[in-house]
Amino acid sequence: MDRFLAERLTDFSMYSVIVPTIIVFIKFRFGNDTQKWISVLVLITLLGEVLLNVLVRYHDNNLPVLHFFTVCQFVLFVLIFEKALIPLFPPVFFKSLIIGFLIFAFFDAFLFNGLKNFNSNSRPLSSFILIFLALSFFYKTLKELKIKYLEKEPVLWLSIGVILYFSGSLFIFIFTNYVRNSNEVLLTLWGIHAIFNIVLNLSYSAALWVKPTH
Amino acid sequence: MGETNALDLPVYLIFFGIMGMLLLAIAVIVFFLVYQKRLFAQRESIRLMEAAHQKNLLQYSFEAQEAERKRIASDLHDDMGSILSAARIYLRQLNPDKKTSEYQEIKEETTELLDSAITRLRVIAHNLFPPNLDRFGLKEACVDFCGRIEKVNNIKFSLYFDDALHFDKKEELALYRILQELTNNTLKHAQASTIDLVFHKVGGNFKMLYRDNGVGFSYDLLKIEEKGLGLKTIESRANAIGAQLSIMSEPDKGMTVKLSKPLPDYSVTSTS
């Protein structure tokens, strides 16, 4: 991928978080509990994007931020899915996921990869678990058939975004450390990642915009 | 060159992996959205059909009620009306100038007519609501019913009633009416010589079997609108007490009706 294109895509991906952020400020008061948690997720994402890009502009290693961002993003996603997936899974399941992931991410940051390297263990693990939770939401929806107007359900849009983003980016997360010596390949991969990130931010926007029936 | 080749493999693997995962993700999402809409539409359709069926059953229930009222009115008018009119004619003929023998004859004729009216009235009242059902329960009412049918028709009943069965008043009445309706159908159309009737308890369920050896009919080929009021009434009554009904009949193979319903658990837990 052309360097210019990759850099523009990355910039566009960074700015794309502004769309859901604006919607947060417009619709926060009117949203249900799930949408309020999605709002928190969007604000954390915005903070993460700002920190990542500020550190890059000072030519510093911004990967430590990614370790913390991964954990925060994971915890918030799990809390959001918990509301949608009970009683398919009991509350203790979600608590265990969070605690287990925190421990694993800690080891990944300070033992396996290190803070200054890409978290190629915890990020893919996070991807697998979140894809599983999104698919579980689909399964629960099909089983119960309670939601008539699916397009008004915030968790549907979130699940679509999660599945597209984490499925598309999974191989990037797994292999990025493997190809880090080739700038061209890295640029291409993260250019592709930027597209998926835009999709994820759009899914946040849709999830915040819709007016749920309950 | 070797360094470049070592990177090529994982790069293609990564790209194919990304595309594969993305296509799979899109397929899953599209499948989910389409399937959910279809399932929902199907459930909605079933719900509407059930609502329409309930409405039809209610309508049939009203029709059956009206038909019953018409029959009672006809019985009262044709039977009772004519008997009592004849009795009145005889009584009008009574005057002190009549000879003792004529007086005696008129008295006997009138008494006979009034006896006939009372008997007929008892039959009508019995058909309306059998006194045995309220006083002695379903088993005695069935025994009495089968006996009366056997007396006036060339048909033999074989009845088995499990004493372990208990029903509430509403269920007893519904089951009795179902039996009346089925027997009515058999007498009118089946030309049967025997009817088997079984009420038994199987596990936690009540099962009723009604079977005649009549001419039968093609039940499976009957459309809803072709079903007589009797059959619809039977379905309606079974539905009202939460029972499952199945009717099986083929030409020359008689008719078999099975009814089943879970029994409530009347077991008493230990008390201190």
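Read the figures in this text as sums done on the coordinates, not as results from a lab. Not measured: the values here are computed from a predicted model. Methodologically, a virtual Cβ is constructed for each residue, glycine included, from the backbone with ideal geometry; neighbour enumeration extends over all protein chains shown.
Consider just the alpha-carbon atoms of chain B and return their Rg together with their Dmax, both in angstrom.
Every Cα atom of chain B included, Rg and Dmax give 32.8, 145 Å.
Quick check on the protein assembly as shown: helices-only [θ] at 222 nm, where DSSP H runs of length 4 and up contribute -39,500 (n - 2.57) each and the sum goes over total residues. Nearest 500, please.
-23000 deg cm²/dmol
Scaled to the compact-protein estimate 2.2 N^0.38 Å, what is the alpha-carbon radius of gyration of region A:17-97, rounded to two decimal places?
In units of the globular-protein estimate, region A:17-97 measures up at 1.29.
How much length would be gained if the chain were fully extended between residue B:47 and residue B:219, taking 0.36 nm per residue of separation minus their Cα-Cα distance, in nm to one decimal?
Answer, rounded to one decimal: 59.4 nm.
How big is region B:134-265 on each of its three principal axes, counting only the C-alpha atoms and giving the largest first in Å?
Reported extents, whole Å, longest axis first: 39, 34, 24.
Of the trypsin sites (Lys or Arg not before Pro) in region B:1-105, which ones lie in a loop per DSSP and count no more than 10 other C-beta atoms within 10 Å?
Counting only loop positions with at most 10 other Cβ atoms within 10 Å, the trypsin sites (Lys or Arg not before Pro) in region B:1-105 are B:99.
With a cut-off of 8 Å between alpha carbons and a minimum separation of six or more residues, what is the relative contact order of region B:134-265 in percent?
25 percent
Quick one: divide the alpha-carbon radius of gyration of region A:85-126 by 2.2 N^0.38 Å and tell me what you get.
Taking N as the residue count of region A:85-126, the ratio is 1.40.
At most 12 other C-beta atoms within 10 Å and a DSSP loop state: those are the exposed chymotrypsin sites (Phe, Trp or Tyr not before Pro) I care about. Give me the longest piece of chain A that has none.
Here the longest segment lacking exposed loop sites spans A:59-148.
Specify the inter-centroid distance of region A:30-80 and region A:178-206, based on alpha-carbon positions, in whole Å.
So the separation of the two Cα centres works out to 16 Å.
How high is the relative contact order of chain A, in percent, with contacts defined as C-alpha pairs under 8 Å that are six or more residues apart?
32 percent
Count neighbours as other Cβ atoms within 10 Å of each site's Cβ, and list the trypsin sites (Lys or Arg not before Pro) in region A:117-214 that are DSSP loop with at most 15 such neighbours.
A:146, A:148, A:180
So what is the relative contact order of region A:53-119, in percent, for Cα pairs below 8 Å that sit 6 or more residues apart?
Worked out over region A:53-119, it gives 46 percent.
For region B:1-128, what value does the Rg/Rh ratio take when both radii are computed over Cα atoms and Rh is the Kirkwood radius, given to two decimals?
That ratio equals 1.85.
I need B:149, B:46 ordered by Cβ neighbour count within 10 Å, fewest first.
Going from sparsest to densest Cβ surroundings: B:46, B:149.
Please give the per residue volume of the convex hull enclosing the alpha carbon atoms of region A:3-209, rounded to a whole number of Å³.
It comes to 110 Å³ per residue, whole-number rounded.
What is the average number of partner chain Cβ atoms found within 10 Å of a Cβ in B:39-52?
Mean shielding count: 1.
What aspartates and glutamates sit close enough to residue B:70 to cross-link, taking a C-alpha to C-alpha distance under 13 Å and skipping anything fewer than 8 places away on the same chain?
Result set, ordered by chain and number: B:78.
How much of the calculated P(r) for the protein assembly as shown lies past 37 Å, in percent of all Cα pairs?
Within the protein assembly as shown, distances greater than 37 Å cover 57 percent of Cα pairs.
Hydropathy at least 1.0 by Kyte-Doolittle, axial extent at least 15 angstrom from the Cα trace: which helices of chain A, defined as entire DSSP H runs, fit?
Answer set is A:33-57, A:63-85, A:91-107, A:154-175, A:183-209.
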